[in-house]
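S.K.: Submitted below is the structure of interest, expressed as C-alpha cells.
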Amino acid sequence: MKKKKDGYALVSVLTISLVVTGMVFLFLSFIQFINIYSLQKIKRKKAELAAFSAIERFLPESGIPGKTGTFTIEPFNTRVNHSARGLINRFNVQVTRGEDTTNISAEYLPSPDSLFGKALTLTRPNFRGTLAGKNNIKGRVVLTRKRIFEGNLQNISRGNRNDIYNDLIVEKNLRSDIFPDSLLSPIFEKDSLFKDGKPLYLEQRILYPDSKLRGCLFEFPKLDIKGIPDQDKKAGIFIHSYGDVTISEGSDIHREINILSSSKLVIEKNVRLRNAVFAAVDSIIINGGEFKNCQFFSKTGIRIKDAFFNFPTIICLSNDNSDSSFTQNDIRIYNSIINGGILHLNSVTGLPGNKSTIFIDKESKAHGIIYSENNCELRGAVFGSVYTYNLYFVEDKKEYINWFVNLEINRNKLDPEFLAPAFFNNNKKLKLVKYESY
C-alpha cells in the first residue's frame with residue numbers, strides 16, 4: 001500500500017511541476033510580448049515625433065500643394081509631401097531608419113485670421129443698409145460706409161441703429177473675393193482625382209459593402225452606393241461617375257472616399273459618412289444624415305435638410321457667372337446644424353443679375369465661418385463669423401438688399417479651437433486636425 005501511495009504522490013508532484021512550469025513559461029512569454037509591444041510602440045512614437053518635426057520644418061516653404069521636402073531628424077530620414085484633400089492640407093511623411101519604415105498621413109487647417117475676427121463683414125462698395133426687427137450681433141460689424149437707416153417690414157418691427165453702432169467699423173476698401181478660385185479647379189477634374197494611376201472602368205451600377213473590388217481607382221457610368229467594401233481600409237477609394245451618384249438610405253461608411261460626379265449627387269436619409277470628399281458638376285442634394293470630416297463641392301447648387309455636420313465640414317458652391325447676366329445658384333440649408341465652413345464663390349462679384357445666395361433657415365444653426373461673394377440670407381443663428389458681399393432677405397416674393405432683419409450672429413461663441421478652410425491666405429499657423437500612422 002505504501003508503494004501505491006508513493007506512486008500517487010509522484011504523479012501529483014509531476015502534475016504540479018508541469019502546471020507551475022507552464023504558468024511560469026506563459027508569464028515570461030507575456031512579459032516578453034509586452035516588452036516587444038512596448039518597444040515597437042516607442043519606436044513608432046519616435047517615428048511619429050520625427051514626422052511632425054519634419055512637417056514643422058517644411059511648413060514655411062510648403063506653399064501650394066504639390067511640393068516635397070526631405071529632412072534628417074536624427075536618427076531618422078524623412079520625406080514630406082504636401083497635397084490637398086479638398087480644402088484641407090494633407091502632409092504624407094515617410095520616416096525611415098535602416099530597414100524600418102513608418103508612414104504618417106496628417107491633416108492640417110489654419111486658425112481663422114483677422115478677416116474672420118469680426119461678427120459680420122459686408123464688402124459691397126458704397127454700402128447702404130436698413131435695420132428691421134431685433135438684430136442680436138455680438139462682435140464687430142465692418143462696412144464700407146456708415147450709412148444705416150431704420151425701417152420695418154410687414155409683421156416685423158422697426159429696427160434700431162444701436163443694435164450695430166456700438167461695434168461698427170468702416171473700411172472703404174474691403175476685398176470681396178479673398179478666396180483664390182483656381183484652387184477649386186482640380187477638385188472638379190478627373191485627371192486630378194486619378195493622379196496616382198489609371199482607373200478601372202466597371203459597368204456595374206451598384207456598390208455593396210461586400211462588393212469585390214481590386215484597387216482603389218474606379219469609373220462607373222452611373223452609381224448607387226449602398227456601402228463601400230472594407231478591403232484595404234487604410235487606402236482611400238477614388239471614384240468618378242459619368243452619371244448621377246446616389247448614396248442609399250441607411251448607408252454607414254467610415255472608409256475614406258473621394259467621389260467626383262459629372263452629373264448630380266444625391267444622399268438619402270439616415271446616412272452616416274466619415275472622411276469623404278464629394279464633388280458634383282451638377283447639384284448636390286442631402287436629405288438627412290450625420291457627417292464628420294466631410295467636404296461637398298458643387299458648380300450648380302447645394303440643398304441640405306435634416307442633417308448634422310460635425311467639425312470639420314466644408315460646404316462649397318463654385319458659381320461661374322462670367323457668361324450669364326442672370327444667375328441663381330444657391331446653397332440652401334433647412335433644419336440642419338453645420339460645424340465648419342460654408343463657402344459661396346463667384347467668378348465675377350457684384351453683377352446686378354446675380355441672385356445666388358447662401359440661405360440658412362430659422363431652424364438651422366451654423367458654427368464656424370460663412371463666406372459669400374454674393375448674397376447671404378441668414379434666418380438661423382450663426383456662432384462665428386460672416387463675410388459677405390450682400391445681406392439678402394425675401395418676403396412675399398419681394399427682395400430686400402442689405403436689410404438687417406432679426407440677425408443673430410455671435411462671434412464670441414466661435415470655439416477658440418475652430419480651424420478655417422485652408423488657402424484663404426498664406427497663414428502658416430496650421431494646427432493638426434487628425435493623423436494616421438501605418
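The values are calculated or read from the model by the stated rules, or taken from the named source; none is laboratory data. Here the structure is a predicted model, which means the values were calculated and not measured. Quick reminder, even Gly has a Cβ in these numbers, built from the backbone with ideal geometry, and neighbours come from all protein chains shown. To get the accessible areas, we keep the full protein, side chains included, count just its heavy atoms, and leave off ligands, DNA and RNA. Shrake-Rupley method; radii C 1.70, N 1.55, O 1.52, S 1.80 Å.
S.K.: Can you pick out the pairs among LYS134/LYS397; LYS67/LYS429; LYS212/LYS264; LYS264/LYS434 whose Cα atoms lie more than 20 Å from each other?
M.R.: In this structure, LYS134/LYS397; LYS212/LYS264; LYS264/LYS434 lie more than 20 Å apart at Cα.
S.K.: Whole number in Å², please: accessible area per residue of segment 330-416, 1.4 Å probe, ligands, DNA and RNA not counted.
M.R.: That works out to 35 Å² per residue.
S.K.: Additional query: Starting with the highest mean, order 253-262, 350-359 by the number of other Cβ atoms within 10 Å, averaged over the residues of each peptide.
M.R.: Highest mean packing first, the order is 253-262, 350-359.
S.K.: Could you name the aspartates and glutamates in cross-link range of LYS299, using Cα to Cα under 16 Å and dropping any fewer than eight places away on the same chain?
M.R.: ASP181, GLU189, ASP244, ASP282, ASP320, ASP323, ASP330, GLU373
S.K.: So, one more: Once neighbouring chains are kept in place and the probe is 1.4 Å, which whole percent of the accessible area of segment 88-185 is contributed by carbon and sulfur?
M.R.: It is 37 percent, rounded to a whole number.
S.K.: Still on this model: What relative contact order, as a whole-number percentage, does the chain give when Cα pairs under 8 Å and 6 or more residues apart are counted?
M.R.: Relative contact order comes out at 14 percent.
S.K.: Ok, one more. Equivalent-ellipsoid semi-axes (√(5λ), Cα gyration tensor) for the chain, whole Å, largest first?
M.R.: Equivalent ellipsoid of the chain: 53, 26, 24 Å, largest first.
S.K.: Another question about this same structure. Starting from a Cα-only point model with no solvent, please compute log10 I(q)/I(0) by Debye for segment 281-412 at q = 0.14, 0.18 1/Å.
M.R.: Per q value, in the given order, log10 I(q)/I(0) is -0.56, -0.95.
S.K.: Still on this structure: At 0.36 nm per residue, and after removing the present C-alpha to C-alpha distance, how many nm does the segment from GLU395 to ARG175 gain when stretched out fully?
M.R.: Residue separation times 0.36 nm, minus the Cα-Cα distance, leaves 76.3 nm.
S.K.: Stretched out fully, how many nm does the piece from THR96 to LYS222 gain, at 0.36 nm a residue minus the Cα gap?
M.R.: Length gained between THR96 and LYS222: 41.1 nm.
S.K.: Once R0 is set to 22 Å, what does the formula 1/(1 + (r/R0)^6) return for the Cβ-Cβ distance between LYS434 and SER53, expressed as a FRET efficiency to the nearest 0.05?
M.R.: In this case the efficiency is close to 0.75.
S.K.: Also: Compare the peptides 43-55, 389-401 by average per-residue count of other Cβ atoms within 10 angstrom and give them in order, highest first.
M.R.: So the order, starting with the most tightly packed, is 43-55, 389-401.
S.K.: Computed on alpha carbon atoms, what radius of gyration and Dmax characterise segment 85-223, expressed in Å?
M.R.: 25.5, 75
S.K.: Can you give the calculated 222 nm mean residue ellipticity of the chain, where each DSSP H run of n ≥ 4 adds -39,500 (n - 2.57) and the sum is split over every residue, rounded to the nearest 500 deg cm²/dmol?
M.R.: -5500 deg cm²/dmol
S.K.: Using the structure shown, list the pairs from LYS305/LYS413; LYS46/LYS365; LYS292/LYS362; LYS118/LYS362 with a Cα-Cα distance above 30 Å, or answer none.
M.R.: With Cα atoms farther than 30 Å apart: LYS46/LYS365.
S.K.: What's the ranking of 293-305, 178-190, 371-383 by average number of surrounding C-beta atoms within 10 Å, highest first?
M.R.: 371-383, 293-305, 178-190
S.K.: Of the listed pairs LYS45/LYS269; LYS222/LYS431; LYS195/LYS431, which have alpha-carbon separations greater than 29 Å here?
M.R.: LYS45/LYS269; LYS222/LYS431
S.K.: Something else about it: Averaged across orientations, what area in nm² does the convex hull of the alpha carbons in segment 250-307 project?
M.R.: For segment 250-307, averaging the hull's shadow over all directions gives 3.3 nm².
S.K.: Angle between the Cα long axis of helix 2-62 and the longest principal axis of the chain, 0 to 90 degrees, nearest 10?
M.R.: Roughly 30 degrees between the two axes.
S.K.: Quick one: in segment 358-427, what % of C-alpha pairs are over 18 Å apart?
M.R.: Of the Cα pairs, 40 percent sit more than 18 Å apart.
S.K.: Here is a follow-up. Over the alpha carbons of segment 38-136, what is the largest minus smallest coordinate on each principal axis, giving the biggest first in Å?
M.R.: Cα extents, longest axis first: 69, 30, 21 Å.
S.K.: What size of dipole, in debye to the nearest 20, comes out for segment 83-140 about its Cα centre when the only charges are +1 on Lys and Arg C-beta atoms and -1 on Asp and Glu C-beta atoms?
M.R.: Dipole magnitude for segment 83-140 comes out near 720 debye.
S.K.: Using a 1.4 Å probe, what is the accessible area per residue for segment 86-168, in Å²?
M.R.: 46 Å²
S.K.: Shifting gears a bit: At 0.36 nm per residue, and after removing the present C-alpha to C-alpha distance, how many nm does the segment from GLU417 to SER263 gain when stretched out fully?
M.R.: Contour length minus the Cα-Cα distance gives 51.8 nm.
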